[in-house]
Amino acid sequence: MAETHVLFVEDDDVIREATQLALERDGFTVTAMPDGLSGLESFRAQRPDIALLDVMLPGMDGVSLCRRIRDESTVPVIMLSARADSIDVVLGLEAGADDYVTKPFDGAVLMARIRAVLRRFGHASGAGGTGDGAQQGGPDGGALSFGDLEIDTEGMEVRRGGAPVALTPTEMRLLLEFSSAPGTVLSRDKLLERVWDYGWGGDTRVVDVHVQRLRTKIGQDRIETVRGFGYKLKA
């Protein structure tokens, strides 16, 4: 099988070259680009399996690049941010990124995040895939209905009021978790473990932003916040 193709967009020459070598040693095929515009051109030409985007890029910043990619594809995106408390983290997630890693990052941490995302998207580490396929998960078979919201758990399709709802694979996994236990409160840590495949503590902002994105698509009142505990899908 073909190796997983990574698009890596980073303007710092040292970080770009060192990270590319590390990824290639780990069995990935890497296309490295120094700016957002060339990154977008490369994405359109090659359709990689995953994109790693630095937030601060010349020409077109990483958040804008992520938004452009998300307009065209559900390929997994990981943002690289220089500061953990930066608003850029939230902006990247709101633009459609699936996860983020803070710079300077440990190589092992980056590899673990990449593998976790690829597992969620149905890739084996180092093995190729389409980059645009929704992964299986959630309840086994059949369709679920919550008011005007219909979830086809076999076809991985969602409709609201009969109209199709376009979800990213991460958003779909999140909705499947909620729909598998309607009315049950799921903590942010539990969602990080089940949806993001974190075997360690993670930043709960990832959960909060994705819940908000999901709300805008299926209805703001469909997912309820239970303060101090987490979220639940209204039965």
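The values are calculated or read from the model by the stated rules, or taken from the named source; none is laboratory data. Everything numeric in this text was worked out from a predicted model, so none of it was measured. Positions of Cβ are backbone-derived with ideal geometry, glycine not excepted, and every protein chain shown enters the neighbour counts. Note: areas computed on protein heavy atoms with side chains; ligands, DNA, RNA excluded. Shrake-Rupley method; radii C 1.70, N 1.55, O 1.52, S 1.80 Å.
Quick look at the numbers
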{"read-out": "Matching residues, the stretch 10-54, being open to solvent by less than 30 Å² (accessible area, probe 1.4 Å) and polar (S, T, N, Q)", "value": "19, 31, 38, 42"}
{"read-out": "Pairs where the first residue, in the stretch 209-228, is without any contact (Cβ under 8 Å) to a residue 60 or more places away in the chain and the second is open to solvent by 20 Å² or more (accessible area, probe 1.4 Å) and of a type in the set (A, V, I, L, M), C-beta under 9 Å, 6+ apart", "value": "214/167; 217/165; 217/166; 217/167; 224/185; 226/185"}
{"read-out": "Within the stretch 55-68, tally of residues that are open to solvent by 30 Å² or more (accessible area, probe 1.4 Å) and small (Gly, Ala, Ser)", "value": "2"}
{"read-out": "Qualifying residue in the stretch 64-82 (condition: among the basic types (Lys, Arg) and at pLDDT below 80)", "value": "no"}
{"read-out": "Residue 89 vs. criteria part of a helix (DSSP H, G or I), at pLDDT below 95, under 22 Å from residue 196 (Cα atoms) and open to solvent by 20 Å² or more (accessible area, probe 1.4 Å)", "value": "no"}
{"read-out": "Among (1) over 23 Å from residue 65 (Cα atoms); (2) open to solvent by 20 Å² or more (accessible area, probe 1.4 Å); (3) at pLDDT 85 or above, the one test that residue 137 misses", "value": "(3)"}
{"read-out": "Residue in the stretch 52-67 that is within 15 Å of the chain's Cα centre (by Cα) and in contact (Cβ under 8 Å) with a residue 60 or more places away in the chain present", "value": "yes"}
{"read-out": "Inter-residue pairs, beta-carbon under 7 Å, first in contact (Cβ under 8 Å) with a residue 40 or more places away in the chain and in the stretch 7-31, second exposed (fewer than 15 other Cβ atoms within 10 Å of the Cβ) and assigned to a helix (DSSP H, G or I), 6+ apart", "value": "22/107"}
{"read-out": "Of the criteria (1) out of contact with any Phe, Trp or Tyr (no Cβ under 7 Å at 6 or more places or on another chain); (2) among the small types (Gly, Ala, Ser); (3) open to solvent by less than 10 Å² (accessible area, probe 1.4 Å), which one residue 81 fails", "value": "(1)"}
{"read-out": "Answer residue from the stretch 174-230, given it is of a type in the set (A, V, I, L, M, F, W, C) and surrounded by fewer than 18 Cβ atoms within 10 Å (Cβ to Cβ) and is farthest from residue 160 (Cα to Cα) among those", "value": "200"}
{"read-out": "Residues being within 20 Å of residue 171 (Cβ to Cβ), part of a helix (DSSP H, G or I) and open to solvent by 10 Å² or more (accessible area, probe 1.4 Å) - total across the stretch 93-117", "value": "2"}
{"read-out": "Enumeration of residues in the stretch 94-109 that are within 14 Å of the chain's Cα centre (by Cα) and farther than 13 Å from residue 196 by Cβ", "value": "94, 95, 96"}
{"read-out": "Flag for residue 71 being in a helix (DSSP H, G or I), open to solvent by 50 Å² or more (accessible area, probe 1.4 Å) and under 29 Å from residue 212 (Cβ atoms)", "value": "yes"}
{"read-out": "Residues of the stretch 1-60 satisfying the condition of being of a type in the set (D, E, K, R) and closer than 22 Å to residue 102 by Cα", "value": "10, 11, 12, 13, 16, 17, 24, 25, 26, 35, 49, 54"}
{"read-out": "Whichever residue in the stretch 1-53 is in a helix (DSSP H, G or I) and of a type in the set (Ser, Thr, Tyr) and, among such residues, is modelled with the lowest pLDDT", "value": "19"}
